[in-house]
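Working notes, beginning with the structure itself.
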Amino acid sequence: MEYTSGTSSWRKAVLRAGRAFARLPGRRRSGWTLGVPLIAAAAGLLFTMSATVSAGTSLREDRRVALGELISKKEAETQDARMRVDQLRNEIDGLTDALAVGDGPVALEHARGEGYLSAAGLTAVHGRGLTVRMDDAPNSADDLTPGTATQDDLVVHQQDVQAVVNALWAGGAEAMTIMNVRVITTTAVQCVGNTLLLDGKRYSPPFVISAIGDPARLQAALDAAKGVQAFRDAVRDYGLGYSVTREADIQAPAYQGSVLLRHASVPR
């Protein structure tokens, strides 16, 4: 169906309804005949407003496809930017090393900065520790007894991953990776739907979290964390995946993200 633009279409509808109403004999103007022209006028106004607002597009069109395309586009842009950052970082390191050879103050500051790299997570490390795997339930809510679960009960959420990460830090983790991506104490764990977002890249479950440290201490911290216990209850009730494995040698690459501090607060 085509609609004319502007306000002319609804005005025509009103005029047509008015003419039809005027031609009716006076003695036959019942409540119904009085309402018909008003309904016709209102319908014409609504049709015109809908056509104007839509501007030729479908008002009910599913926006999820467009959102997915936007996310993919931004991921590609992030990957390009990351490659450019790596290139510039290598150039800066090369220039710094070259200057440090013949410049005493530069060499001194360079050496001092090198001493902070390990503590900041900017160097690759390895050692024994634990690996935690978290996964969505294999079945859907339709497969369960009606009323016992929703779809949200069957997936790993952001707070579940955060609970494991925080427990491992509390257990004395010296280094940590999520999906083999090095994370540091300021790394934000964010979920988009049921996917994990790290440094602009999405990861689907199962989520693998590895921590270097004393395995006994790390395990005790996991067992004591209330958030981890809540997730283990969901594992028992809804069939989500959760496992902890002791590792003899975990490889943690250097952190490659930004080290700029965007905000901070003073503890009280």
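Residue 89 to residue 139: FRET efficiency via 1/(1 + (r/R0)^6), r the Cβ-Cβ distance, R0 35 Å, to the nearest 0.05? Don't skip to the answer; put the middle values down first.
Details: r = 45 Å, r/R0 = 1.30.
Efficiency, rounded to the nearest 0.05: 0.15.
Once Rg and the Kirkwood radius are both taken over the C-alpha atoms of the range 171-243, their ratio Rg/Rh works out to 0.97. What nm value, rounded to one decimal, do you get for the distance between residue 106 and residue 148 when each label is placed 7 Å out toward the C-beta? The answer from the label model is 6.9 nm. Note on residue 118 and residue 190: with the Förster distance fixed at 35 Å, the Cβ-Cβ geometry gives a FRET efficiency of about 0.85. Residues of the range 189-216 with backbone nitrogen within less than 11 Å of a virtual label 7 Å along the Cα-to-Cβ line of residue 78, please, listed as ranges. Inside the label zone: 190-192, 196-203. Per-residue packing, averaged as other Cβ atoms within 10 Å, sorts the ranges 188-194, 177-183, 114-120 into the order 177-183, 188-194, 114-120, beginning with the highest. Amide H contacts for residue 130 (H built 1.01 Å from N in the peptide plane; partners 5 or more residues away or on another chain; cut-off under 5 Å): 211, 213, 247.
Which order do the peptides 127-135, 227-235 come out in when sorted by mean C-beta neighbours inside 10 angstrom, highest first?
Values: 127-135: 19.7, 227-235: 16.4.
So the peptides 127-135, 227-235, ranked by packing, come out 127-135, 227-235.
So what's the net charge close to residue 176: Lys and Arg +1, Asp and Glu -1, counting the other residues with Cβ under 13 Å from its Cβ? Combined, the nearby Lys, Arg, Asp and Glu give -1.
Every number here is computed from the coordinates shown, using simple stated rules; none is lab data. Treat the numbers as computed from the prediction; the structure is a model and nothing was measured. Ideal geometry is used to build each Cβ from the backbone, glycine not excepted, and the neighbour counts take in all protein chains shown.
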